[in-house]
1. What do you get for chymotrypsin sites (Phe, Trp or Tyr not before Pro) in the range 1-87 restricted to DSSP loop and a cutoff of at most 16 other Cβ within 10 Å of the site's Cβ?
2. Can you work out ³J(HN,Hα) from phi for every residue in the range 107-121, in order, using Karplus 6.51 cos²θ - 1.76 cosθ + 1.60 and θ = phi - 60°, giving whole Hz and x for Gly and Pro?
3. Using only the Cα atoms of the range 1-98, build the gyration tensor, take square roots of its eigenvalues as a ≥ b ≥ c, and label the shape rounded, prolate or oblate: rounded if a/c is under 1.5, else prolate if a/b is larger than b/c, else oblate.
4. FRET efficiency for THR53 and THR129, Cβ-Cβ distance as r, R0 = 22 Å, nearest 0.05?
5. For LYS52, go through the lysines and keep the ones whose alpha-carbon is under 25 Å away, minus same-chain ones fewer than eight residues off.
6. Subtract the Cα-Cα distance of SER18 and THR118 from 0.36 nm times their separation in residues, and report this length gain in nm to one decimal.
7. Please sort by residue number the GluC sites (Glu not before Pro) in the range 31-117 whose DSSP state is loop and whose Cβ has at most 15 other Cβ atoms within 10 Å.
8. Hey, what's the Cα Rg ratio for the range 73-120 versus the globular rule of thumb, 2.2 N^0.38 Å?
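What follows is calculated from the coordinates using simple rules that are stated; it is not laboratory data. Remember, it's a predicted structure, so these values are computed and weren't measured experimentally. Glycine also receives a Cβ, built like all others from the backbone with ideal geometry; neighbour counts cover every protein chain displayed.
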Amino acid sequence: MQIANNSVVSIQYTLKNSEGTIIDQSSEGHPLTYLQGHKNIIPGLENALLEKTVGDTLDVSIEPEQAYGTVNPALIQEVPKEHFQGVEALEVGMRFQASTEQGPVPVVVTNVAEDVITVDGNHPLAGQTLNFSVKVEDIREASEEELAQGHLQVEQSGGCCGGGSGEGENTEGGSCGCS
């Protein structure tokens with residue numbers, strides 16, 4: 001069976017940045033399982049996996065536009081420190097939920113000045129080329145229930161190749177700050 005839209009696919013993967021540093025990987029015996037064609041993983045990886053079969057391996061580089069998008073300067077903002085009342089010690093790397101007209105947006109503190117805090121609402125992997133090494137472990141047809149939901153209701157082991165259109169979403173959670 002080949003990977004096609006509406007297939008349930010299980011993959012083992014390693015994700016590296018352009019410097020070759022491992023950002024994330026599936027655990028041995030715990031592949032990432034997703035529903036092909038439903039934007040449950042990044043578009044570039046989903047496209048690269050089309051028509052692959054069980055046992056196939058591939059190494060693929062995904063440009064930012066087909067991963068988590070380019071860095072959007074509008075999502076980097078300076079906020080008066082007074083908006084962080086109740087937080088004792090603000091530090092670079094701290095994460096918060098910002099309330100916006102479009103709803104809550106996760107942000108990370110990138111600079112702490114005396115009166116102004118810089119926050120970034122871009123996905124942590126925005127602007128990065130992502131390098132995947134993948135092995136296809138299993139392929140099956142999706143059930144009617146899975147198709148109706150558009151995603152799987154299974155316990156996942158995390159992963160940075162969670163779906164998204166470059167807007168900072170990630171359905172898998174993950175250890176690389178993709179939350």
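1. Passing both the DSSP loop test and the Cβ count: no residue.
2. Running phi through 6.51 cos²θ - 1.76 cosθ + 1.60 with θ = phi - 60° gives 10, 10, 6, 10, 7, 10, 10, 4, 10, 10, 10, 9, 10, 10, x Hz.
3. Taking the square roots of the gyration eigenvalues as a ≥ b ≥ c, the range 1-98 is prolate.
4. For THR53 and THR129, the calculated efficiency is 0.25.
5. Of all the lysines, those that pass the test against LYS52 - Cα under 25 Å, at least 8 places apart if same chain - are LYS16, LYS39, LYS135.
6. Details: separation 100, 0.36 × 100 = 36.00 nm, distance 2.58 nm.
Difference between extended and current length: 33.4 nm.
7. The qualifying sites are GLU51, GLU88, GLU91, GLU101, GLU114.
8. Values: Rg = 10.2 Å, N = 48, 2.2 N^0.38 = 9.6 Å.
Rg over 2.2 N^0.38 Å, computed on Cα atoms: 1.07.
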